[in-house]
Every structure is written in C-alpha cells, then in structure tokens.
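Here the structure comes first, spelled out in structure tokens, and everything after it is commentary.
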Amino acid sequence: MKFNSKALMLALLIAASAMFFSSCKKSTSSADNHLASTPLYDTLGWFIQGGKGSVAGQGTVMVNDPDNSGQKIQAGRLAIRTVVKTALPMIAGNAQLSVYFPTLIGELGANNSTGLSELLTNFTDFVQQAVSGQTGIYSGLSMVQAHRFTTSESMGGNPRFGDANHLTADSSDFNVFVGVVAQAATKLNVPNSVIGQLGALLFTTEGDVVQNKK
Ligand code: HEM
C-alpha cells in the first residue's frame, strides 16, 4: 500500500498545505464559482476521459454521465465519484473500519441502498468542493459532526457514525481509511502523483475527523 510510511504522510501534509495555499483557480469570479477549477481537478477530468500525456482540458467540461443516461456531469466530478464509488464498499467492508458503519451495513443487509447513495453523493460533493475550489457544492454535516456518534444523525434520522462502543475514530482508523481510498484509486489506474495529491487533501481533514487522538 502506498500510504504506509510516516515520511510519505509528512510529505503529503506538506503538499496539502502547499496545494491549499497556492492552488491556481482558473475561474473564480463570484458569478461562476461553481465552475472554478484547479490543476488537480483538470487532471482528474482529463484522465477519466481517457486523455493521455499532458492535461489539455478543464475538469469542468461536461461529459456523458455513465450512471444516468441522458445526463451530463463535470469530468472532474465523474473522476472523483468513480473513486468514491469504488472505495465505499472497500471501506465499509474493511475489518478495522466496519465497526463505524453499522447503520449503513444494516441498510445494505436489508437491501436498502438509500443511505449508500446519499453517502456517495455527499462524499463526492465534499471532495469535489475541496479539489476544485467550487463553492456551494457540499451541503452535508460538518466533518466534526459527521464523525462523532452523538452528532451524526442525517436529516433527523438515526446516528450514522459508529455506536455506543465506537463514538469517534482514532489516527490508526484514519490512516487505514486513506489507505483504502488510495487502493481504490490504484485499482482504477489513477496515476500515483494524482493519488498523492488526493491523499494529501484527505489528510487536511484529520484534525476534524479524528476526535480521540491520543
Ligand atoms: C479521510 C477523510 C474523510 C472524509 C473527507 C470523510 C467525509 C465524509 C463525508 C462527506 C460524510 C457524509 C456526511 C453527511 O452525510 O452529512 C462522511 C460520513 C461518514 N464517515 Fe467519513 N470521511 C473521512 C474519514 C472517515 C474515517 C476515518 C471514518 C471511520 C473511521 C469515517 C466514517 C464515516 C462514517 C461511518 C460516516 C457515515 C456513513 C453513513 O452515512 O452511513 N470517515 N464522511
């Protein structure tokens, strides 16, 4: 697995800070912020379209949505959704992480995929907003609320994170989680340099997600 060594994690954190403070947004006027882009978003959109060599297009370009016939989707979002869609079953099925997903696993066992669809949308929205610099995309819970049993109710329903014995996640869980996302991206042939940047971005949320850091 690619995210194992502490050194790599440190490098990723540094890369994340650099990316957050210097990311060059191509269209950031308040009127069209929903079409803002970054080199990473453009790169993701380029590869999902089967592009080769240097990136020659924006992640905001609209392409056919393979999951919703007749609909279009931003290429960058499609790339992100594809990684998230591959990663979610791997995460919920991971021995260390599954204890945090009892609600989702219960629903899937009862052939109810509503929660999974919502999670796919919300997770994709979150990453799209963070990667592209677009605003108003994510409307889910804050990362702190979503990753604490007692505050993780979605839309007035039951808590979706953990249970009375698993109230919050620790750093080890977080590292496994990011490692599984990296594995999913590797499975999809996402280039290593791009996986590194995505991993770096995920690590910027660690302070909010990990709430019982020892
Ligand atoms: C790596 C950074 C992470 C990001 C960016 C992230 C993002 C998200 C987002 C956007 C949601 C949906 C919130 C909502 O619906 O309002 C969510 C839910 C959740 N996350 Fe995370 N998460 C991360 C790490 C983790 C880790 C490390 C764990 C477990 C150890 C975890 C477990 C969960 C669970 C159990 C839910 C609720 C799932 C459900 O709806 O059934 N997440 N996360």
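Quick one: which of 108, 119, 141, 104 is within 13 Å of the chain's Cα centre (by Cα) and near the ligand (Cβ under 10 Å from one of its atoms)? I'd like the intermediate steps shown before the answer.
On the way: 108 fails: within 13 Å of the chain's Cα centre (by Cα); 141 fails: within 13 Å of the chain's Cα centre (by Cα); 104 fails: within 13 Å of the chain's Cα centre (by Cα).
The conditions single out 119.
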Considering only segment 171-189, I want to know if a residue exists there that is under 30 Å from residue 33 (Cα atoms) and in a loop (DSSP other than H, G, I, E, B). yes
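Scan 70, 51 and give me the residue that is over 22 Å from residue 132 (Cβ atoms) and free of Cβ contacts under 8 Å to residues at least 24 places away in the same chain.
Being over 22 Å from residue 132 (Cβ atoms) and free of Cβ contacts under 8 Å to residues at least 24 places away in the same chain holds for just one of 70, 51, which is 70.
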Hey, any hits in segment 77-86 for a residue that's without any contact (Cβ under 8 Å) to a residue 60 or more places away in the chain and either near the ligand (Cβ under 9 Å from one of its atoms) or farther than 27 Å from residue 55 by Cβ (or both)? no
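So that you can scan it fast, the table gives a plain yes or no per residue for (1) part of a helix (DSSP H, G or I); (2) within 20 Å of residue 176 (Cα to Cα); (3) basic (Lys, Arg):
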{"site": "83", "(1), (2), (3)": "yes, yes, no"}
{"site": "111", "(1), (2), (3)": "no, no, no"}
{"site": "119", "(1), (2), (3)": "yes, yes, no"}
{"site": "126", "(1), (2), (3)": "yes, yes, no"}
{"site": "130", "(1), (2), (3)": "yes, no, no"}
{"site": "134", "(1), (2), (3)": "no, no, no"}
Among the residues of segment 153-191, write down those that are over 20 Å from residue 90 (Cβ atoms) and within 6 Å of the ligand (Cβ to nearest atom). 154
Result of the Cβ filter at 6 Å on segment 191-214, keeping first residues that are over 24 Å from residue 148 (Cα atoms) and partners that are crowded, with 16+ Cβ neighbours inside 10 Å and of a type in the set (Val, Ile, Thr), at least 6 apart or interchain, is 194/43
Which of (1) of a type outside the set (Gly, Ala, Ser); (2) within 10 Å of the ligand (Cβ to nearest atom); (3) surrounded by fewer than 17 Cβ atoms within 10 Å (Cβ to Cβ); (4) within 24 Å of residue 106 (Cα to Cα) is the odd one out, the single condition residue 208 does not satisfy? (4)
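No value in this document is a laboratory result; all are computed from the given coordinates. In this text, all values refer to a predicted model and were calculated from it rather than measured experimentally. Heads up, the Cβs are rebuilt from the backbone with ideal geometry, glycines too, and the neighbour counts pull from every protein chain shown.
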